[in-house]
Structure formats: structure tokens, C-alpha cells
Amino acid sequence: MKGLYYVEVYDGPRRRSLSLKTDSYELACQRYKEGLRELLNKIRREHQATRKTPAWLPEQLDDLRQEYQQNHELDAQELAASFTGKRGYKETTGELKDAKTEELAELIAGVNAITWEELRVRAEAVRKHKTGSGYSISWHKNIDQILQRVPFTPEQATVRSIRAWMDQQASKGVTSVTLKNWCSALQGLIERAITSGHAPQLAPNVFKQIDFSISKELELKNVYYCPTKEDYRKLFNEVLPELPENYRVGIELMVWTGCRVSGTKHLATSTEPGWLDVPDEDGTKGGGRVPVPMELWIRGRDLKVISGSRLSAALKKVHPKLSNHGLRSGFKRATRAAGIDSVLGEALMMHKLQELEATYGGEGFPDEALKAGSEKTWEAIRGYINS
């Protein structure tokens, strides 16, 4: 008896699978899409379950604060206890026995300072209200890294404290580009809290009083090198023939799809012929689905994962400034040269289109449109190679 078919994806370094509950190839193909969706949803739920979240929603805290402020006879601890259902006081301190309920009472009474984590939860709620879905795992990971480095609370943030923090981080080797991104993220958290009415006392947004912008010259230095026609010819005619097959497949996949280097390992587990399916997990920035030349898809069946640094090192044989992400820039240029719709070009880059979908509905472009756009882009790239 033949074995059962499974759908498999990578969850970070872990390989995850879900049985399609059939040993029939035809039936397994029919169940693949739904099985992949179910597996990705399962992984997403597990990630969300491990994320620290408060026991109450921002809207509920707002309602409790408003009720407390409108009725001065109410006791914040009693109000919190009635909400959680956990009563009882410590005889020595007078605090509620349940730590979470005591924390809620302090938030209702305004004793506790507003936290960055509280603002993150509020921003997530605003995002879900506007787009129907929250931020990606990679967004939360980035916020985690920033909040580990911020020494002040949102209410303690002043022009002086922010500037001192930026100077301190710069002395530790943090680049001005990174600092710009960090400050922009913190500014966004405060802005969502103000405009949603969650923390109007944070207005005006102090980060808008700080100049953390960088010059156009510095921005240009951080733009990835885009390969020229000569680079494409050298890559395919001189460099790739000298590399092991798994290196060639990984590099060619980035050339023909514009995928991030983190997406290359998912070719081996993409079971639908002619398609690369990248799950929404850490490092993939939301994942996505794009066409792959069939010959390359077949070669990728046995692709062994190659580190991004090794692939990037191989590209240095083409041009010292060429990197993995540079191939992504080259693909973007090819979509423009092919004359395809700019939004379709973004979809082929696996960029998220939440605003477009929120306005017009649907879940992005149909497979036929993606395939047609890819084929035009591939023709442009072939022109570079054969010019």
C-alpha cells in the first residue's frame, strides 16, 4: 500500500507537515490548497498563542476608564474585580490577590504608566479594524527588537530623552538608517494611540518634534545594487555553470521570481507544479505565491537549503556589490521593462496589497494574471541575458 500524501512548509528552521489523508495523487492535488491553508493557519495560531497579550481588549479598558471617570463613587479595584470575577484582597497590602486584576485596577485609575506593549496592542486593533487582519509576524518581531532597547515609556518620551537615546545607540554602532526606522516605528505606535482616542494625552506626538531623517545621499548608499545586462550575461554564462546545482537553483529562483532569499528554501516543499508557495512565518514578511518557470520548479524538487550568506558570496563573482536582494531589485526593474501594471508588479514581488484589497475586495490577483505578468517579466530578463 502506498503511503499517505502530506503538505509541508518550513516554520523557521522547523519542517511542519499536515496529512492530506489520502494515498491517491489526484485526490492529494485536489486537497493541497485547503491543506496548505489549514497548516498555515495552525502555525499562525501557535505563534499568536505564545505572544504576550493582556487579558482585556483596548476597547474594554477604555470603557472601564470612562465608567470610572464618570462615577467618582466607584472604586477602581472593585470595578476591576467585577470585570475579571476575581475578588479578594491581601491583608498586608490591601492589593487584590490576583495580580492581573490589580494591574487592571491601576490602569483604570491611571496609576500605571502607559506601556509600549499597550500601544502595540492598540495599533494591532486599529490595523484589524482597517484591513481585517493584524500585523505580520515579522512586524511584531521587529517591534520586539526595538522595545528591548527603549529605556523610556511613551509618557517619559521627550525631545531630550529621545535624542540622548539615539546618541547612545549611535555610539554602540547602530546606523542612522536603523535609527530612522526605529523612531518611525515608535512614532507610529504613539500616533495610533492618539488618533484612535486610546491615549490622547500623548498628543502632540513627541517623535514629530525630532528630526531623525537621513540625507538622500545616505539613502542612496543603502539602495541595493541592481544588476546590469552585462551582470546577467556574466551570471548565466560564466558564474552559474561553475556552481553546484543547489546554488544554481537558489540563485536562479531569485532571478526569475524576485523572491527574498528566505523564500528559496520553500521551493522544495511547493507541491503545485510551476508555483512557489512561501508561508507567512518569521523572516518571510507575510509570504506569498508566485509563478516559477517549470524547468526550474522541477530542478528544485531536491533543493537543499543553502544559507543566504553563501548565495550572496557566490554573487560577488559577478559584481562585488551584487547581493541576494540586488536580484530582487533586478526583477523589479524587469517588471517595469515588461510594461506590466505596477500593482501587479508589487504582487509578483510578494508585497502585501492590504489597502488595495480593502478598497476593491478579493485576495489579490488571480493565478492567470500572475502567470501572464511573470511570463512578460521572464521575457525581459531573457533579453538581458541574450543581449
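The values are calculated or read from the model by the stated rules, or taken from the named source; none is laboratory data. Keep in mind it's a predicted model, so treat the numbers as computed, not measured. Neighbour counts run over all protein chains shown; Cβ positions are idealised from the backbone, glycine included.
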Next item on the list: Would you point out which residue out of 334, 380, 372, 338 is in contact with a Leu (Cβ under 9 Å, 6 or more places away or on another chain), at pLDDT 90 or above and more than 29 Å from residue 44 (Cα to Cα)?
Entry: 372
Next item on the list: Output the residue which, of all residues in segment 245-286 that are of a type in the set (Ser, Thr, Tyr) and not in a loop (DSSP other than H, G, I, E, B), is farthest from residue 372 (Cα to Cα).
Entry: 247
Next item on the list: Name every residue in segment 52-75 that is at pLDDT 75 or above, of a type in the set (D, E, K, R) and outside any helix (DSSP H, G or I), in order of residue number.
Entry: 73, 75
Next item on the list: May I ask you to verify whether residue 105 is outside any loop (DSSP other than H, G, I, E, B), in contact with an Asp or Glu (Cβ under 9 Å, 6 or more places away or on another chain) and within 16 Å of residue 192 (Cα to Cα)?
Entry: no
Notebook entry, point to check: Looking at segment 135-155, which of its residues are within 20 Å of residue 280 (Cβ to Cβ), surrounded by fewer than 16 Cβ atoms within 10 Å (Cβ to Cβ) and free of Cβ contacts under 8 Å to residues at least 12 places away in the same chain?
Noted result: 144, 145
Checklist line | Residues (hydroxyl-bearing (Ser, Thr, Tyr) and either in contact with a Gly (Cβ under 8 Å, 6 or more places away or on another chain) or assigned to a helix (DSSP H, G or I) (or both)) located in segment 163-185 | finding: 171, 176, 178, 184
Note to self: I need the full set of residues from segment 224-244 which are assigned to a helix (DSSP H, G or I) and either at positive phi or aliphatic (A, V, I, L, M) (or both), in order please.
What the structure shows: 235, 239, 240
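Could you check how many residues of segment 78-87 are surrounded by 10 or more Cβ atoms within 10 Å (Cβ to Cβ) and either of a type in the set (Gly, Ala, Ser) or in a loop (DSSP other than H, G, I, E, B) (or both)? Break it down stepwise before answering.
Going residue by residue through segment 78-87, those that are surrounded by 10 or more Cβ atoms within 10 Å (Cβ to Cβ) are 78-84, 86-87.
If we keep only those that are either of a type in the set (Gly, Ala, Ser) or in a loop (DSSP other than H, G, I, E, B) (or both) too, we end up with 80-82, 86-87.
So the answer is 5.
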Notebook entry, point to check: When only residues in segment 226-260 that are surrounded by fewer than 21 Cβ atoms within 10 Å (Cβ to Cβ) and among the aromatic types (Phe, Trp, Tyr) count, which is farthest from the chain's Cα centre (by Cα)?
Noted result: 236
